[in-house]
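Asks: A single structure is presented below for examination.
The values are calculated or read from the model by the stated rules, or taken from the named source; none is laboratory data. All values derive from a computational prediction rather than experimental measurement. With ideal geometry, Cβ positions are generated from the backbone for all residues, glycine too; neighbour counts draw on all protein chains shown.
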Amino acid sequence: MGASTYSRRVSLVAVLRLSVLTFLADPQWLVPSLIAPVIFGLVSYELFTGAGPWFVLYAILGAGMMSMWGQTLYGSGWATGQDRHLGTLEPTLTAPTPYVYVVLGRVIWNTVAGLFGGLIVFVVVAITYGHPIPLANPLEFLLMFVFVIVTLAAVGVVFAAAYVYTRYAGFVQNVGEFAFYIGTGCMFPVVLLPFWSNPISLVLPPTWALDALRYLAIPGYQGFGWGFWWDMVGAVGTTLLYLGIAASVFRRVERHVLEAGDLNDW
Amino acid sequence: MTEPALRSSFTRTFWVNAIFAPRTSLGFMRLDFVLGTIFIIPLTQMTFFAFVASLSGTPGGVAFVVVGNAVATVTYSSVFSVCQTTDNEKEAGTMEHLLVSPANRFALYFGRGLIPVLASLATVAVAIVYAVTIFHVPFAGGSVGDLAVSITLTAFAMVGFGLLLGGVALYLRTSIILGNIFLFLGLLLSGANFPLSVLPLPLQYVGDLLPLTWGISAVRAALAGAPLGTMLTLWGYVALCGIVSIGLSMALWNTFERRALSTGSIARF
């Protein structure tokens, strides 16, 4: 094993461990990322009451995705902003390990925490519903749920990379939150949106993954006309594309920072 | 001699806090955030819930949730931003200086609410324009005055509620959790998305304590062209919520101040 590979693995594990310890030391941050989704889940559940048993899944999937947004996308995207706030961005970027491995460690933990969040939302809405949740394929549903969070993490990694160049990370994430929920169709099928907006939605990996998840979970679901498998192809393709973009942006970021010697320009 | 000096001190404290707090102690008061809160968040939040209501097929659901969320978006600039004022003061290490200053506390605290009140007014006004023009919510002609009074009172009451949460945050390490809870709780308990009557009775009582509940009712009634008697009753409830909130926030502030001065420390809060 080369020294650089060893350094990267050690850094990845160290960042992962630090993320877990930070979370355990201050787990209150799960609360903000859960309050909104749980409440949105209950509100949408109330709105969907009487619309049929399958609609409870819309509430669960939508609110679960919001929770995952909170923990995964927000957490991962904010990773860079947090470094900037703490003054650790420059030292981290000049460390021998590529910055992407530091972000990756955070993303992995945020993904796991996001799954916890999704699970809590599922349980809250299920208890409110008071009946067994009508899941056609529970195991496949679970696997797809994990895949949805991976697609969210891919968006989060791109955000994390891009946020090195801007101090508007908080603005984009707070003000753009509902726009992202609408664009990805987290609580309703994207086909309900005006046709002109569909290409924008399809740029986002979670749009494909959520549509596939609904095809899997809801019998008779009317999503994109191309069906489950093409949704999966789109989800995998866009996720890989996002990861590729993130890797490229991270390399560019590191080169820029080392050339400029500081990050004050951004 | 002392009276004009006191008056000047009150006015100066009010205006200094009104002007500087958005740049220092209030949260999310950067110009880009304020503009985003006024123009983008109402549109996206209303659109989101309009699509959910549309999918659920609730009769009259879209107009109902659109109006409810138009008013509920006031929470961002009134509650979420304002409740961080004491938190930021502690984080910046300026709380001690504030406590030993002779500044009038009411002027100091309420002055901080001025810009959020204006931002809240703008947010709801823009959201109502979206509701009527984009979502075609029925709007009774001749009720512009009632609507303006309803929006203004709601903005004041909600900022008062934000100050109250800021007062509670004096005793906490962080106000973000509190802000998040009340930012979204209103969507569930205030009748923004469905009538309060569908909730269990204890939750209805909690909802009745929120100024947002009465603000939404007042705006709905104004849009429907409700008679003056109904409007006066609703305005009374909104104003009462605001006055009680500000009174409680001042009481919390005074208690905190007395405790801090008696122990010589605010470190344990």
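Asks: Residues to consider are B:199, B:212, B:203, B:172; find the one that is on the phi < 0 side of the Ramachandran plot and buried (at least 19 other Cβ atoms within 10 Å of the Cβ).
Replies: Only one candidate passes the filter, namely B:212.
Asks: Quickly run through region A:50-63 and pick out the residues that are modelled with pLDDT under 80 and either more than 9 Å from every other protein chain (Cβ to nearest Cβ) or within 18 Å of residue B:199 (Cβ to Cβ) (or both).
Replies: A:50, A:52, A:53, A:54 - these are the residues of region A:50-63 that are modelled with pLDDT under 80 and either more than 9 Å from every other protein chain (Cβ to nearest Cβ) or within 18 Å of residue B:199 (Cβ to Cβ) (or both).
Asks: Quick check on my filter: what residues within region A:209-266 are within 23 Å of the chain's Cα centre (by Cα) and polar (S, T, N, Q)?
Replies: Within region A:209-266, A:238, A:239, A:248 meet the criteria.
Asks: Then there's this: Looking at residue A:244, is it part of a helix (DSSP H, G or I), within 23 Å of residue A:205 (Cα to Cα) and out of contact with any strand residue (DSSP E or B) (no Cβ under 9 Å at 6 or more places or on another chain)?
Replies: Considered against the rule, which asks whether it is part of a helix (DSSP H, G or I), within 23 Å of residue A:205 (Cα to Cα) and out of contact with any strand residue (DSSP E or B) (no Cβ under 9 Å at 6 or more places or on another chain), residue A:244 comes out as yes.
Asks: So is residue B:104 touching a Gly at 6+ places or on another chain (Cβ under 7 Å) and farther than 30 Å from residue A:54 by Cβ or not?
Replies: No: the conditions fail for residue B:104.
Asks: Considering only residues that are surrounded by fewer than 22 Cβ atoms within 10 Å (Cβ to Cβ) and of a type in the set (Ser, Thr, Tyr), which ones fall in region A:141-177?
Replies: If the condition is that a residue be surrounded by fewer than 22 Cβ atoms within 10 Å (Cβ to Cβ) and of a type in the set (Ser, Thr, Tyr), then A:165, A:166, A:168 are the ones that fit.
Asks: Go over the candidates A:217, A:235, A:247 one by one and state the one that is more than 14 Å from every other protein chain (Cβ to nearest Cβ) and surrounded by fewer than 18 Cβ atoms within 10 Å (Cβ to Cβ).
Replies: Within the list A:217, A:235, A:247, the selection yields A:247.
Asks: Check region B:97-119 and report whether any residue there is touching a Lys or Arg at 6+ places or on another chain (Cβ under 7 Å) and not hydroxyl-bearing (Ser, Thr, Tyr).
Replies: No, region B:97-119 contains no residue that is touching a Lys or Arg at 6+ places or on another chain (Cβ under 7 Å) and not hydroxyl-bearing (Ser, Thr, Tyr).
Asks: Conditions first: (1) away from chain B (no Cβ under 12 Å); (2) surrounded by fewer than 24 Cβ atoms within 10 Å (Cβ to Cβ); (3) modelled with pLDDT of 80 or more. Residue A:46 passes all but one, so which condition is the exception?
Replies: Among (1) away from chain B (no Cβ under 12 Å); (2) surrounded by fewer than 24 Cβ atoms within 10 Å (Cβ to Cβ); (3) modelled with pLDDT of 80 or more, the lone unmet condition for residue A:46 is (1).
Asks: Can I ask one more? Can you say whether residue A:17 is at pLDDT 70 or above, more than 12 Å from chain B (Cβ to nearest Cβ) and within 21 Å of the chain's Cα centre (by Cα), as far as the supplied structure shows?
Replies: So residue A:17 fits the description; yes.
Asks: Out of the residues in region A:178-198 that are closer than 17 Å to residue A:69 by Cα and within 8 Å of chain B (Cβ to nearest Cβ), which is surrounded by the most Cβ atoms within 10 Å (Cβ to Cβ)?
Replies: A:187
Asks: Residues to consider are B:224, B:251, B:260; find the one that is touching a residue at least 60 places away in the same chain (Cβ under 8 Å) and surrounded by fewer than 13 Cβ atoms within 10 Å (Cβ to Cβ).
Replies: On the way: B:224 fails: surrounded by fewer than 13 Cβ atoms within 10 Å (Cβ to Cβ); B:260 fails: surrounded by fewer than 13 Cβ atoms within 10 Å (Cβ to Cβ).
One residue alone meets the criteria, B:251.
Asks: For the structure I just gave you, tell me whether residue A:204 is loosely packed, with under 13 Cβ neighbours inside 10 Å, touching a residue at least 24 places away in the same chain (Cβ under 8 Å), in contact with a helix residue (DSSP H, G or I) (Cβ under 9 Å, 6 or more places away or on another chain) and not polar (S, T, N, Q).
Replies: Taking the combined requirement at face value, the residue does not satisfy it.
Asks: Residues in region A:22-36 that are more than 9 Å from chain B (Cβ to nearest Cβ), modelled with pLDDT of 75 or more and over 15 Å from residue A:82 (Cβ atoms): how many?
Replies: The total comes to 1.
Asks: Now, a different point. Got a number for residues in region B:126-148 being part of a helix (DSSP H, G or I) and under 19 Å from residue B:226 (Cβ atoms)?
Replies: The total comes to 8.
Asks: Follow-up question, since we're still on this one. Test residue B:174 against the stated conditions and say whether it is under 21 Å from residue B:67 (Cα atoms) and polar (S, T, N, Q).
Replies: No: the conditions fail for residue B:174.
Asks: Which condition number in (1) more than 14 Å from chain A (Cβ to nearest Cβ); (2) in contact with a Cys (Cβ under 8 Å, 6 or more places away or on another chain); (3) at pLDDT 90 or above is the one that residue B:236 fails?
Replies: (2)
Asks: Further, regarding this structure: Show me the helices (runs of 4 or more DSSP H) found entirely inside region B:11-119 where at least 3 residues are within 14 Å of chain A (Cβ to nearest Cβ), without any contact (Cβ under 8 Å) to a residue 12 or more places away in the chain and surrounded by 19 or more Cβ atoms within 10 Å (Cβ to Cβ).
Replies: B:41-56
Asks: Taking residue A:252 as meeting all but one of (1) over 21 Å from residue A:159 (Cα atoms); (2) exposed (fewer than 14 other Cβ atoms within 10 Å of the Cβ); (3) not polar (S, T, N, Q), write down the number of the exception.
Replies: Evaluating residue A:252 over (1) over 21 Å from residue A:159 (Cα atoms); (2) exposed (fewer than 14 other Cβ atoms within 10 Å of the Cβ); (3) not polar (S, T, N, Q) leaves (1) as the failure.
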